Amino acid sequence: MADFELIETHEDLDALVQDLLGEKILAFDTEADSFYHYFDKTCLVQVATRKQIYLIDPLTLGGPAELAALAPVFASPDIRKIFHAAEYDLFVLKRDCSFQFQNLFDTMICAQLLGYPSVGLASLCERHFDVKLPKDEQRSDWSRRPLTQRQLSYAAADVLYRNDGDRFTDVSEPAGIWKARGNGLGVVSGDFNVDGWPDLYVANDGMPNQLWINGGDGSFEDRALIAGTAVNLNGAAEAGMGIAVADLENDGDPDLFVTHLRAETNTLYLNEGGVFDDVTATTGLAAPSVALTGFGTGFADFDNDGYLDLYVGNGRVGSRPPAAAPFSEPNQLFRGFGSTRFELVVPSGGTETQVIDNTRAVAFADYDLDGGVDAIIVNNGGRARLLHNVVGANRGWLALEVLEAAGSEATGARIAVVVGDRMHWRTVGRASSYLASNSGLVHVGLGDETTVDDVIVHWADGLQTRYGPLRGRAVYSLRRGFDAKTIDK
(Lines give C-alpha, C1' and ligand atoms only; values in the text may rest on other atoms or scores of the structure.)
Protein backbone atom coordinates (compact mmCIF):
# COMPACT_ATOMS: atom_id res chain seq x y z
CA MET A 1 0.00 0.00 0.00
CA ALA A 2 1.45 3.38 -0.97
CA ASP A 3 2.09 5.87 1.84
CA PHE A 4 1.17 8.75 -0.48
CA GLU A 5 1.43 9.71 -4.12
CA LEU A 6 4.37 11.95 -4.97
CA ILE A 7 3.66 14.33 -7.87
CA GLU A 8 6.88 15.23 -9.70
CA THR A 9 5.86 15.62 -13.38
CA HIS A 10 3.64 18.08 -15.21
CA GLU A 11 1.61 15.20 -16.65
CA ASP A 12 0.88 13.84 -13.17
CA LEU A 13 0.03 17.32 -11.90
CA ASP A 14 -2.41 17.97 -14.75
CA ALA A 15 -4.10 14.61 -14.14
CA LEU A 16 -4.28 15.33 -10.42
CA VAL A 17 -5.93 18.71 -11.01
CA GLN A 18 -8.68 17.06 -13.03
CA ASP A 19 -9.32 14.63 -10.17
CA LEU A 20 -9.29 17.39 -7.55
CA LEU A 21 -11.88 19.40 -9.46
CA GLY A 22 -14.33 16.58 -8.78
CA GLU A 23 -13.87 16.79 -5.00
CA LYS A 24 -16.05 18.70 -2.54
CA ILE A 25 -13.53 19.07 0.30
CA LEU A 26 -9.73 19.24 0.20
CA ALA A 27 -7.17 19.78 2.95
CA PHE A 28 -3.97 21.70 2.15
CA ASP A 29 -0.67 22.46 3.80
CA THR A 30 2.63 23.81 2.52
CA GLU A 31 6.27 23.42 3.50
CA ALA A 32 8.48 26.43 2.82
CA ASP A 33 12.06 27.29 3.63
CA SER A 34 11.94 30.59 5.47
CA PHE A 35 14.14 29.02 8.15
CA TYR A 36 16.96 28.05 5.77
CA HIS A 37 16.68 30.81 3.15
CA TYR A 38 16.35 34.59 3.37
CA PHE A 39 13.77 34.52 0.56
CA ASP A 40 11.33 31.80 1.45
CA LYS A 41 9.88 29.62 -1.28
CA THR A 42 7.22 26.97 -1.49
CA CYS A 43 8.99 23.61 -1.48
CA LEU A 44 6.11 21.14 -1.03
CA VAL A 45 2.31 21.22 -1.21
CA GLN A 46 0.33 18.57 0.64
CA VAL A 47 -3.19 17.81 -0.59
CA ALA A 48 -5.52 15.36 1.13
CA THR A 49 -8.74 14.08 -0.39
CA ARG A 50 -11.10 11.65 1.27
CA LYS A 51 -9.24 8.76 -0.34
CA GLN A 52 -5.62 9.78 -0.92
CA ILE A 53 -2.75 11.97 0.18
CA TYR A 54 -0.72 13.76 -2.52
CA LEU A 55 2.63 15.48 -2.11
CA ILE A 56 3.30 17.95 -4.94
CA ASP A 57 7.00 18.78 -5.42
CA PRO A 58 7.22 22.20 -7.15
CA LEU A 59 11.03 22.25 -7.11
CA THR A 60 11.30 19.08 -9.15
CA LEU A 61 8.65 20.49 -11.49
CA GLY A 62 10.84 23.54 -12.14
CA GLY A 63 10.01 25.92 -9.32
CA PRO A 64 7.04 27.22 -7.29
CA ALA A 65 5.58 28.98 -10.34
CA GLU A 66 4.90 25.54 -11.86
CA LEU A 67 2.10 25.13 -9.30
CA ALA A 68 -0.03 27.44 -11.47
CA ALA A 69 -1.93 24.39 -12.73
CA LEU A 70 -3.72 24.35 -9.35
CA ALA A 71 -5.37 27.72 -10.07
CA PRO A 72 -8.85 26.35 -10.98
CA VAL A 73 -8.86 24.23 -7.81
CA PHE A 74 -8.14 27.18 -5.50
CA ALA A 75 -10.56 29.44 -7.40
CA SER A 76 -13.46 26.99 -7.43
CA PRO A 77 -16.38 28.07 -5.20
CA ASP A 78 -17.63 24.46 -5.18
CA ILE A 79 -14.58 23.01 -3.41
CA ARG A 80 -13.99 23.79 0.26
CA LYS A 81 -10.28 24.24 0.95
CA ILE A 82 -9.22 23.54 4.57
CA PHE A 83 -6.01 25.03 6.01
CA HIS A 84 -4.66 25.43 9.53
CA ALA A 85 -3.15 28.90 10.01
CA ALA A 86 -3.77 29.72 6.38
CA GLU A 87 -2.34 33.24 6.39
CA TYR A 88 1.23 32.21 5.65
CA ASP A 89 0.25 29.45 3.21
CA LEU A 90 -1.92 31.85 1.23
CA PHE A 91 0.79 34.51 1.27
CA VAL A 92 3.46 32.34 -0.36
CA LEU A 93 1.01 30.73 -2.80
CA LYS A 94 -0.35 34.10 -3.92
CA ARG A 95 3.14 35.56 -4.20
CA ASP A 96 4.56 32.63 -6.19
CA CYS A 97 1.55 31.89 -8.42
CA SER A 98 -0.93 34.79 -8.08
CA PHE A 99 -3.65 32.37 -7.02
CA GLN A 100 -7.19 33.56 -6.29
CA PHE A 101 -8.93 31.70 -3.45
CA GLN A 102 -12.59 30.96 -2.78
CA ASN A 103 -14.40 28.83 -0.18
CA LEU A 104 -11.65 28.65 2.44
CA PHE A 105 -11.92 27.24 5.98
CA ASP A 106 -9.17 28.01 8.48
CA THR A 107 -9.19 25.75 11.55
CA MET A 108 -6.96 28.20 13.46
CA ILE A 109 -9.46 31.03 13.04
CA CYS A 110 -12.19 28.64 14.17
CA ALA A 111 -10.17 27.87 17.32
CA GLN A 112 -9.70 31.59 17.96
CA LEU A 113 -13.43 32.24 17.67
CA LEU A 114 -14.03 29.47 20.21
CA GLY A 115 -11.73 31.27 22.64
CA TYR A 116 -8.65 29.02 22.71
CA PRO A 117 -5.62 30.90 24.06
CA SER A 118 -3.18 28.82 22.00
CA VAL A 119 -4.30 27.98 18.51
CA GLY A 120 -1.47 26.05 16.88
CA LEU A 121 -2.49 22.58 15.72
CA ALA A 122 0.16 20.99 17.95
CA SER A 123 -0.89 23.03 20.99
CA LEU A 124 -4.57 22.18 20.47
CA CYS A 125 -3.75 18.46 20.34
CA GLU A 126 -1.55 18.71 23.43
CA ARG A 127 -4.10 20.83 25.34
CA HIS A 128 -7.06 18.52 24.75
CA PHE A 129 -5.48 15.09 24.25
CA ASP A 130 -2.04 15.41 25.92
CA VAL A 131 -0.60 14.34 22.58
CA LYS A 132 2.58 15.97 21.29
CA LEU A 133 2.63 16.03 17.51
CA PRO A 134 6.04 15.18 16.03
CA LYS A 135 7.47 18.45 14.70
CA ASP A 136 11.10 17.34 14.28
CA GLU A 137 11.03 17.77 10.50
CA GLN A 138 9.11 21.06 10.44
CA ARG A 139 12.33 23.10 10.23
CA SER A 140 14.28 20.69 8.08
CA ASP A 141 15.68 21.84 4.74
CA TRP A 142 12.68 21.44 2.45
CA SER A 143 14.61 22.77 -0.55
CA ARG A 144 17.00 19.82 -0.47
CA ARG A 145 16.46 17.15 -3.11
CA PRO A 146 15.81 14.33 -2.90
CA LEU A 147 13.59 14.68 0.15
CA THR A 148 14.38 12.18 2.88
CA GLN A 149 11.95 9.41 3.82
CA ARG A 150 11.52 11.07 7.22
CA GLN A 151 10.43 14.31 5.54
CA LEU A 152 7.98 12.49 3.28
CA SER A 153 6.62 10.49 6.22
CA TYR A 154 6.27 13.68 8.28
CA ALA A 155 4.12 15.11 5.49
CA ALA A 156 1.77 12.09 5.37
CA ALA A 157 2.14 10.01 8.54
CA ASP A 158 -0.21 8.10 10.84
CA VAL A 159 0.98 7.56 14.40
CA LEU A 160 0.41 5.26 17.39
CA TYR A 161 0.62 6.89 20.82
CA ARG A 162 1.32 4.73 23.88
CA ASN A 163 -0.35 5.83 27.10
CA ASP A 164 2.36 6.11 29.77
CA GLY A 165 -0.04 7.19 32.51
CA ASP A 166 0.78 10.89 32.68
CA ARG A 167 1.66 11.44 29.01
CA PHE A 168 1.54 9.84 25.56
CA THR A 169 4.62 8.63 23.64
CA ASP A 170 4.85 8.20 19.88
CA VAL A 171 5.73 4.51 19.35
CA SER A 172 4.73 4.26 15.68
CA GLU A 173 8.12 3.15 14.46
CA PRO A 174 9.02 0.47 17.06
CA ALA A 175 5.43 -0.82 16.96
CA GLY A 176 5.56 -1.25 13.18
CA ILE A 177 2.54 0.98 12.52
CA TRP A 178 4.67 3.32 10.39
CA LYS A 179 5.10 0.60 7.73
CA ALA A 180 1.65 1.13 6.22
CA ARG A 181 -0.62 4.06 5.47
CA GLY A 182 -4.28 4.44 4.78
CA ASN A 183 -7.14 6.90 4.85
CA GLY A 184 -8.19 5.84 8.32
CA LEU A 185 -11.62 6.80 9.65
CA GLY A 186 -12.95 4.15 12.05
CA VAL A 187 -10.58 2.57 14.60
CA VAL A 188 -11.39 -0.10 17.19
CA SER A 189 -9.48 -2.24 19.63
CA GLY A 190 -10.27 -5.88 20.36
CA ASP A 191 -8.63 -9.24 20.91
CA PHE A 192 -9.48 -10.52 17.44
CA ASN A 193 -7.36 -13.69 17.63
CA VAL A 194 -8.17 -14.31 21.33
CA ASP A 195 -4.54 -14.57 22.45
CA GLY A 196 -4.95 -12.20 25.40
CA TRP A 197 -3.48 -9.12 23.70
CA PRO A 198 -5.49 -6.16 22.38
CA ASP A 199 -5.32 -5.74 18.60
CA LEU A 200 -6.33 -2.79 16.38
CA TYR A 201 -8.61 -2.67 13.35
CA VAL A 202 -8.61 0.37 11.05
CA ALA A 203 -11.30 1.05 8.44
CA ASN A 204 -9.71 2.92 5.53
CA ASP A 205 -11.63 5.07 3.08
CA GLY A 206 -11.15 3.67 -0.43
CA MET A 207 -8.10 1.60 0.55
CA PRO A 208 -7.62 -1.86 2.09
CA ASN A 209 -8.34 -1.98 5.81
CA GLN A 210 -5.71 -2.90 8.38
CA LEU A 211 -5.83 -5.51 11.15
CA TRP A 212 -2.91 -4.87 13.46
CA ILE A 213 -2.26 -8.02 15.49
CA ASN A 214 -0.48 -7.41 18.77
CA GLY A 215 2.75 -9.40 19.12
CA GLY A 216 2.73 -9.05 22.91
CA ASP A 217 6.08 -7.26 22.88
CA GLY A 218 4.94 -3.81 21.79
CA SER A 219 5.00 -4.68 18.10
CA PHE A 220 2.08 -5.00 15.66
CA GLU A 221 1.74 -6.80 12.33
CA ASP A 222 -0.91 -6.02 9.71
CA ARG A 223 -2.64 -9.33 8.94
CA ALA A 224 -5.82 -7.94 7.42
CA LEU A 225 -5.23 -9.53 4.01
CA ILE A 226 -4.48 -12.96 5.47
CA ALA A 227 -7.32 -12.72 7.99
CA GLY A 228 -9.89 -11.66 5.37
CA THR A 229 -10.70 -8.15 6.64
CA ALA A 230 -8.69 -6.00 4.20
CA VAL A 231 -11.23 -6.11 1.36
CA ASN A 232 -14.71 -7.47 0.75
CA LEU A 233 -15.77 -10.86 -0.61
CA ASN A 234 -15.13 -9.66 -4.17
CA GLY A 235 -11.60 -8.52 -3.37
CA ALA A 236 -12.51 -4.83 -3.57
CA ALA A 237 -11.39 -2.15 -1.13
CA GLU A 238 -14.36 -0.14 0.13
CA ALA A 239 -14.86 3.30 1.65
CA GLY A 240 -14.61 2.29 5.30
CA MET A 241 -16.23 4.70 7.78
CA GLY A 242 -17.57 3.42 11.11
CA ILE A 243 -16.95 0.10 12.86
CA ALA A 244 -19.10 -1.96 15.20
CA VAL A 245 -17.66 -4.90 17.16
CA ALA A 246 -19.62 -7.72 18.80
CA ASP A 247 -19.56 -11.48 19.25
CA LEU A 248 -22.66 -12.27 17.21
CA GLU A 249 -22.31 -16.05 17.42
CA ASN A 250 -21.39 -16.00 21.12
CA ASP A 251 -18.44 -18.24 20.35
CA GLY A 252 -15.85 -16.13 22.18
CA ASP A 253 -14.29 -14.15 19.34
CA PRO A 254 -15.36 -10.66 18.19
CA ASP A 255 -16.91 -10.03 14.76
CA LEU A 256 -16.65 -6.81 12.71
CA PHE A 257 -19.19 -4.64 10.91
CA VAL A 258 -17.98 -1.75 8.72
CA THR A 259 -20.10 1.01 7.17
CA HIS A 260 -19.39 2.36 3.67
CA LEU A 261 -20.33 4.85 0.96
CA ARG A 262 -23.49 4.55 -1.11
CA ALA A 263 -23.21 2.12 -4.05
CA GLU A 264 -21.26 -0.17 -1.71
CA THR A 265 -22.83 -2.49 0.84
CA ASN A 266 -21.92 -2.23 4.47
CA THR A 267 -19.85 -5.30 5.32
CA LEU A 268 -20.10 -7.90 8.10
CA TYR A 269 -16.94 -9.93 8.74
CA LEU A 270 -17.65 -13.06 10.82
CA ASN A 271 -14.72 -14.19 12.97
CA GLU A 272 -13.98 -17.90 12.77
CA GLY A 273 -11.03 -18.34 15.10
CA GLY A 274 -9.03 -15.35 13.86
CA VAL A 275 -9.95 -15.80 10.19
CA PHE A 276 -12.89 -13.76 8.92
CA ASP A 277 -15.59 -14.44 6.32
CA ASP A 278 -17.56 -11.70 4.55
CA VAL A 279 -21.09 -12.99 5.17
CA THR A 280 -22.90 -9.74 4.31
CA ALA A 281 -24.97 -11.18 1.46
CA THR A 282 -26.70 -13.71 3.73
CA THR A 283 -27.49 -11.44 6.69
CA GLY A 284 -30.21 -9.07 5.48
CA LEU A 285 -27.79 -6.13 5.81
CA ALA A 286 -26.58 -5.82 2.22
CA ALA A 287 -29.44 -4.52 0.06
CA PRO A 288 -30.75 -1.89 2.54
CA SER A 289 -27.31 -0.23 2.70
CA VAL A 290 -26.52 0.18 -1.02
CA ALA A 291 -28.34 3.50 -1.50
CA LEU A 292 -26.99 5.09 1.71
CA THR A 293 -23.67 6.24 3.20
CA GLY A 294 -23.06 4.81 6.66
CA PHE A 295 -21.01 6.38 9.42
CA GLY A 296 -21.66 5.79 13.15
CA THR A 297 -22.87 2.30 14.03
CA GLY A 298 -23.16 -0.14 16.91
CA PHE A 299 -24.57 -3.45 18.13
CA ALA A 300 -26.85 -3.52 21.18
CA ASP A 301 -29.83 -5.58 22.33
CA PHE A 302 -32.25 -2.68 22.07
CA ASP A 303 -35.41 -4.77 22.73
CA ASN A 304 -33.72 -7.02 25.34
CA ASP A 305 -34.90 -10.23 23.66
CA GLY A 306 -31.47 -11.81 24.06
CA TYR A 307 -30.27 -11.10 20.51
CA LEU A 308 -28.04 -8.23 19.39
CA ASP A 309 -29.57 -5.61 17.10
CA LEU A 310 -27.73 -3.09 14.90
CA TYR A 311 -28.01 0.68 14.45
CA VAL A 312 -26.51 2.54 11.47
CA GLY A 313 -26.28 6.33 11.14
CA ASN A 314 -26.34 7.58 7.53
CA GLY A 315 -25.51 10.82 5.76
CA ARG A 316 -24.29 11.73 2.30
CA VAL A 317 -20.91 13.29 1.54
CA GLY A 318 -22.12 14.61 -1.83
CA SER A 319 -25.26 16.70 -2.28
CA ARG A 320 -28.35 15.46 -4.05
CA PRO A 321 -30.15 18.48 -5.53
CA PRO A 322 -32.86 19.52 -5.67
CA ALA A 323 -33.76 18.80 -2.07
CA ALA A 324 -34.46 20.75 1.09
CA ALA A 325 -31.70 18.76 2.88
CA PRO A 326 -29.44 17.48 0.09
CA PHE A 327 -27.04 15.60 2.39
CA SER A 328 -29.63 13.98 4.67
CA GLU A 329 -30.53 10.29 4.70
CA PRO A 330 -32.60 8.09 7.02
CA ASN A 331 -30.79 6.18 9.73
CA GLN A 332 -31.44 2.46 10.07
CA LEU A 333 -32.29 0.03 12.86
CA PHE A 334 -31.95 -3.70 12.20
CA ARG A 335 -33.56 -6.19 14.55
CA GLY A 336 -31.41 -9.23 15.29
CA PHE A 337 -32.75 -12.77 15.35
CA GLY A 338 -29.61 -14.51 16.50
CA SER A 339 -26.16 -15.01 14.96
CA THR A 340 -26.10 -13.10 11.66
CA ARG A 341 -29.82 -12.81 10.82
CA PHE A 342 -31.15 -9.24 10.73
CA GLU A 343 -34.28 -7.48 9.50
CA LEU A 344 -34.74 -3.76 8.77
CA VAL A 345 -37.14 -2.10 11.22
CA VAL A 346 -39.81 0.11 9.64
CA PRO A 347 -40.06 3.11 9.86
CA SER A 348 -36.33 3.28 9.13
CA GLY A 349 -34.33 4.29 12.17
CA GLY A 350 -36.79 2.83 14.65
CA THR A 351 -38.56 6.08 15.53
CA GLU A 352 -42.34 6.43 15.22
CA THR A 353 -41.86 9.42 12.92
CA GLN A 354 -38.94 8.88 10.58
CA VAL A 355 -36.02 11.23 11.19
CA ILE A 356 -33.82 12.15 8.21
CA ASP A 357 -30.52 13.83 9.08
CA ASN A 358 -26.91 14.01 7.91
CA THR A 359 -25.58 11.73 10.67
CA ARG A 360 -21.94 11.20 11.54
CA ALA A 361 -21.27 10.10 15.13
CA VAL A 362 -23.57 7.70 17.01
CA ALA A 363 -22.93 6.77 20.64
CA PHE A 364 -24.83 4.29 22.79
CA ALA A 365 -25.68 4.44 26.51
CA ASP A 366 -28.58 3.66 28.85
CA TYR A 367 -28.53 7.25 30.07
CA ASP A 368 -31.51 6.88 32.44
CA LEU A 369 -30.65 3.32 33.57
CA ASP A 370 -34.12 1.99 32.81
CA GLY A 371 -32.69 -1.08 31.05
CA GLY A 372 -33.03 0.15 27.48
CA VAL A 373 -29.91 1.15 25.52
CA ASP A 374 -30.42 4.65 24.10
CA ALA A 375 -28.66 6.38 21.19
CA ILE A 376 -27.06 9.81 20.89
CA ILE A 377 -26.96 11.05 17.29
CA VAL A 378 -24.54 13.79 16.17
CA ASN A 379 -25.39 15.35 12.81
CA ASN A 380 -23.26 17.30 10.38
CA GLY A 381 -24.79 20.76 9.99
CA GLY A 382 -27.75 20.00 12.26
CA ARG A 383 -28.70 19.58 15.90
CA ALA A 384 -27.86 16.48 17.87
CA ARG A 385 -30.64 14.06 18.85
CA LEU A 386 -31.13 11.84 21.89
CA LEU A 387 -33.21 8.77 21.04
CA HIS A 388 -34.83 7.31 24.16
CA ASN A 389 -35.44 3.58 24.05
CA VAL A 390 -39.11 2.94 24.89
CA VAL A 391 -39.17 -0.85 24.40
CA GLY A 392 -36.11 -2.09 26.32
CA ALA A 393 -37.70 -1.92 29.75
CA ASN A 394 -40.39 -4.40 28.69
CA ARG A 395 -38.03 -7.39 29.06
CA GLY A 396 -35.33 -8.54 31.44
CA TRP A 397 -31.83 -7.10 31.32
CA LEU A 398 -28.54 -6.89 33.21
CA ALA A 399 -25.93 -4.09 33.21
CA LEU A 400 -22.39 -4.52 34.54
CA GLU A 401 -19.73 -2.02 35.55
CA VAL A 402 -16.47 -3.99 35.35
CA LEU A 403 -13.51 -2.50 37.22
CA GLU A 404 -9.93 -3.39 38.02
CA ALA A 405 -8.92 -3.59 41.69
CA ALA A 406 -7.74 0.03 41.68
CA GLY A 407 -11.16 1.18 40.43
CA SER A 408 -10.27 1.89 36.80
CA GLU A 409 -12.44 0.53 34.01
CA ALA A 410 -11.30 -2.96 32.98
CA THR A 411 -10.95 -2.14 29.30
CA GLY A 412 -10.51 -5.28 27.21
CA ALA A 413 -11.92 -7.67 29.81
CA ARG A 414 -14.17 -10.33 28.22
CA ILE A 415 -17.40 -11.21 29.98
CA ALA A 416 -19.32 -14.49 29.68
CA VAL A 417 -22.91 -14.17 30.94
CA VAL A 418 -24.72 -17.49 31.42
CA VAL A 419 -28.51 -17.45 31.24
CA GLY A 420 -30.04 -20.92 31.27
CA ASP A 421 -28.51 -22.89 28.40
CA ARG A 422 -27.25 -19.76 26.62
CA MET A 423 -23.98 -17.89 26.99
CA HIS A 424 -23.61 -14.24 25.95
CA TRP A 425 -20.13 -12.81 25.32
CA ARG A 426 -19.38 -9.13 25.81
CA THR A 427 -16.17 -7.04 25.97
CA VAL A 428 -15.53 -3.99 28.14
CA GLY A 429 -14.75 -1.03 25.90
CA ARG A 430 -16.04 2.34 24.78
CA ALA A 431 -14.30 3.03 21.45
CA SER A 432 -16.26 1.99 18.38
CA SER A 433 -18.75 3.51 15.95
CA TYR A 434 -17.37 6.70 14.34
CA LEU A 435 -16.03 9.74 16.23
CA ALA A 436 -17.82 8.51 19.34
CA SER A 437 -17.27 7.07 22.80
CA ASN A 438 -19.94 4.76 24.21
CA SER A 439 -21.02 3.89 27.73
CA GLY A 440 -18.62 1.60 29.55
CA LEU A 441 -21.44 -0.50 31.01
CA VAL A 442 -21.76 -4.05 29.67
CA HIS A 443 -25.40 -4.65 28.75
CA VAL A 444 -27.15 -8.01 28.21
CA GLY A 445 -30.79 -8.56 27.30
CA LEU A 446 -32.40 -11.46 29.19
CA GLY A 447 -35.71 -11.88 27.35
CA ASP A 448 -38.22 -13.41 29.74
CA GLU A 449 -35.56 -14.57 32.21
CA THR A 450 -35.30 -12.84 35.59
CA THR A 451 -31.99 -14.26 36.84
CA VAL A 452 -28.45 -14.64 35.49
CA ASP A 453 -26.94 -17.97 36.50
CA ASP A 454 -23.28 -17.04 36.20
CA VAL A 455 -21.00 -14.19 35.13
CA ILE A 456 -17.38 -15.05 34.31
CA VAL A 457 -14.96 -12.14 33.92
CA HIS A 458 -11.86 -12.94 31.87
CA TRP A 459 -9.45 -10.19 32.95
CA ALA A 460 -6.84 -8.79 30.58
CA ASP A 461 -4.03 -10.70 32.33
CA GLY A 462 -5.76 -14.05 31.68
CA LEU A 463 -7.14 -14.67 35.18
CA GLN A 464 -10.85 -15.24 35.76
CA THR A 465 -13.40 -14.30 38.41
CA ARG A 466 -16.90 -15.77 38.75
CA TYR A 467 -19.91 -13.84 40.02
CA GLY A 468 -23.47 -14.98 40.40
CA PRO A 469 -26.19 -15.81 40.39
CA LEU A 470 -27.35 -12.22 39.87
CA ARG A 471 -30.88 -10.90 39.62
CA GLY A 472 -32.04 -9.22 36.45
CA ARG A 473 -33.22 -5.64 35.94
CA ALA A 474 -30.26 -4.34 37.96
CA VAL A 475 -26.90 -2.61 37.52
CA TYR A 476 -23.98 -4.34 39.25
CA SER A 477 -20.42 -3.20 39.91
CA LEU A 478 -17.94 -6.06 39.51
CA ARG A 479 -14.66 -4.87 40.99
CA ARG A 480 -11.73 -7.22 40.91
CA GLY A 481 -11.12 -8.72 44.34
CA PHE A 482 -14.54 -7.61 45.67
CA ASP A 483 -18.02 -9.12 45.72
CA ALA A 484 -20.63 -8.00 43.21
CA LYS A 485 -22.42 -4.87 44.37
CA THR A 486 -25.62 -3.34 43.03
CA ILE A 487 -25.55 0.29 41.89
CA ASP A 488 -28.53 2.47 42.70
CA LYS A 489 -30.21 3.72 39.54
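The values are calculated or read from the model by the stated rules, or taken from the named source; none is laboratory data. A quick note: this is a predicted structure, and the numbers were derived from the prediction, not measured. Ideal geometry is used to build each Cβ from the backbone, glycine not excepted, and the neighbour counts take in all protein chains shown. Accessible surface areas use protein heavy atoms only, side chains included; no ligands, DNA or RNA. Shrake-Rupley method; radii C 1.70, N 1.55, O 1.52, S 1.80 Å.
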If you go through the stretch 209-244 one residue at a time, how many are open to solvent by 50 Å² or more (accessible area, probe 1.4 Å) and out of contact with any Asp or Glu (no Cβ under 7 Å at 6 or more places or on another chain)?
8
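For (1) touching a Ser or Thr at 6+ places or on another chain (Cβ under 7 Å); (2) under 25 Å from residue 194 (Cβ atoms); (3) assigned to a strand (DSSP E or B), each residue gets a yes or a no:
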| position | (1), (2), (3) |
| --- | --- |
| 397 | no, no, yes |
| 411 | no, yes, no |
| 466 | no, yes, yes |
| 481 | no, yes, no |
Would it be correct to say that residue 444 is in contact with a Ser or Thr (Cβ under 8 Å, 6 or more places away or on another chain), outside any loop (DSSP other than H, G, I, E, B) and among the β-branched types (Val, Ile, Thr)?
no
Note on the stretch 375-416: residues under 14 Å from residue 296 (Cα atoms), open to solvent by less than 40 Å² (accessible area, probe 1.4 Å) and not small (Gly, Ala, Ser) are 377, 379
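Here's the yes/no breakdown for (1) assigned to a strand (DSSP E or B); (2) modelled with pLDDT of 90 or more; (3) of a type in the set (Ser, Thr, Tyr); (4) touching a Cys at 6+ places or on another chain (Cβ under 9 Å):
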site: 22; (1), (2), (3), (4): no, yes, no, no
site: 28; (1), (2), (3), (4): yes, no, no, no
site: 31; (1), (2), (3), (4): yes, no, no, yes
site: 38; (1), (2), (3), (4): no, no, yes, no
site: 43; (1), (2), (3), (4): yes, no, no, no
site: 66; (1), (2), (3), (4): no, no, no, yes
List pairs: first in the stretch 359-376 and within 16 Å of residue 245 (Cβ to Cβ), second acidic (Asp, Glu) and open to solvent by 20 Å² or more (accessible area, probe 1.4 Å), Cβ under 7 Å, 6+ apart or cross-chain?
373/366
Kindly indicate whether residue 301 is more than 25 Å from residue 437 (Cβ to Cβ), acidic (Asp, Glu) and either buried (at least 21 other Cβ atoms within 10 Å of the Cβ) or modelled with pLDDT of 95 or more (or both).
no
Tally of residues being out of contact with any Leu (no Cβ under 8 Å at 6 or more places or on another chain) and not in a loop (DSSP other than H, G, I, E, B) across the stretch 374-395:
7
Does residue 395 fit the bill of being closer than 26 Å to residue 472 by Cα, touching a Gly at 6+ places or on another chain (Cβ under 7 Å) and modelled with pLDDT under 95?
no
Report, by residue number, each residue of the stretch 413-438 that is assigned to a loop (DSSP other than H, G, I, E, B) and of a type in the set (Phe, Trp, Tyr).
434
Just wondering, is there one or more residues in the stretch 77-98 that are polar (S, T, N, Q), at pLDDT 85 or above, farther than 19 Å from residue 31 by Cβ and open to solvent by 40 Å² or more (accessible area, probe 1.4 Å)?
yes
